[in-house]
């Protein structure tokens, strides 16, 4: 039983004994005491005035006295109006610290027998991964690690959008203007190589469109179709898509290529496979640099026809209805949604049809109770519709569907646009944060005595920590601005600031001469001093704060998994690091006032290092031994 469960149970019993009333468990739930008040946990007594017939402060005094007298783990209490602040006894904290010392699995919950699938990344094969993908990838990866730590069996998947008109644009541009060039012949990373041709297509298309606008044909269309209140410039801006589909020669060639692909034309398929493989090779390199991997890839070219059987089954079951033109729809108005088409009148499917089929196939593949889709908030309505339809179809996994939506990522300079080539590529961003870490390291000069490979490994860890933490610390639903320079600041709410706390601890433990214990799977080592529990003198407030923070780690992991919110782990790690820096500044460790205090603080340092390493590891962040 946790201390919070113990307090909750004791409050329920105390209310029954003092006032003869049975209360709900949530009414007795303790919260963490606010930092400006003394205490570890707080009980709100205002709801008890109804039956106690006393003021909240009086109830708090009576309840506090009863709890301290009957619960050995509580040392004292204080009252602030109707808030009862409880102070946990030192012996509880020291015993807890002794229990977790050297336990590298602390914070990881037992297996719960449940399986969750997390879909993330899911890029197009017409361009390289960019900053927006990075946020998606980091959210998906950290959610997968957190869910695994919370006891789930996790399956990580993505859907590669490898077909459609956008893919044909890259293919056509290379075919017309590439002159046989390859990533190898140009020395270009292979996904960037393909993305350059997507941008080139747009440039060539814009040139064609501008020339058409001043041509006789363009002027004739302008005269026939422009509205009276439209300027010529506004008309051509609004007319762009119509021009591509009805007048553009490049557009015609791209559409013809798509038809050839759908007809399985051998030369078109060969070109498609060749260019897609270039992109896949580039993606894998980026995934490796970010430290992420997937258990299974689904390809839209293999799934885009799925779902038609489901539509037929839904029609027979009355979930869908057919219009006079033979198109098939779902009436979702009673769920405050709309009428949604699931099959066109010509019998072709739409995106929602494909997603219905893919969800069913995934369940058949893995049997997961939960499916999490990490997709930007622009698709909120799509997933509301998808989940509602799957629920009406009676799919066994429908209750476990979740859309982890997130806000877009901007730069200090503004939005990014793929077709115009103004996106920030993931690879360039990784290189930039590592370069920022290198510049910051030069100013401090603390790793100059290490070998060049050792220095580069540390700089890589610092740069990636800066990138990952800066993005993950923001609640997913918030739109955010990414500033590479700000992300590497050792003094702010940053990944390197947390890494620095870990490095400080490692330095202290090395100076203390404590032998390291190899961590699971190799890699960095974790010190695990054994000093037993208990101290002759009272523990200091800074020590208490650190131990209380450590105590909350398993509950934080569980909450982050339940909410699919990695920012809860990120902010926990920051608070723990900040508390350690305060402890390190205020109290001497190696020159503590007694040998007992020194041993206790070294044990506390080792426990903090272990939790920081575990917590940051759940975010995909490695911890260096030196900085």
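In this structure, is residue 446 surrounded by fewer than 19 Cβ atoms within 10 Å (Cβ to Cβ) and out of contact with any strand residue (DSSP E or B) (no Cβ under 7 Å at 6 or more places or on another chain)?
When the stated conditions are applied, residue 446 passes them.
Can you tell me which condition residue 112 does not meet? The list is (1) in a loop (DSSP other than H, G, I, E, B); (2) modelled with pLDDT under 95, and all the others hold.
Exception for residue 112: condition (2).
Would you pick out the residues in the stretch 377-411 that are in contact (Cβ under 8 Å) with a residue 60 or more places away in the chain and touching a helix residue (DSSP H, G or I) at 6+ places or on another chain (Cβ under 7 Å)?
Passing the criteria: 389, 393, 404, 405, 406, 407, 408, 409.
Please determine whether any residue of the stretch 240-262 is over 35 Å from the mean Cα position of the chain (by Cα) and outside any helix (DSSP H, G or I).
Checking the stretch 240-262: at least one residue is over 35 Å from the mean Cα position of the chain (by Cα) and outside any helix (DSSP H, G or I).
Could you identify the single residue in 292, 342 that is part of a loop (DSSP other than H, G, I, E, B), modelled with pLDDT of 95 or more and closer than 27 Å to residue 158 by Cβ?
292
Let me spell it out: the conditions are (1) assigned to a helix (DSSP H, G or I); (2) loosely packed, with under 13 Cβ neighbours inside 10 Å; (3) modelled with pLDDT of 95 or more, and residue 309 meets all of them except one. Which number is the exception?
Condition (3) is where residue 309 drops out.
The values are calculated or read from the model by the stated rules, or taken from the named source; none is laboratory data. Computed from a predicted structure; not experimentally measured. For neighbour counting, all protein chains shown are included, and Cβ atoms are generated from backbone atoms with ideal geometry for every residue, glycine included.
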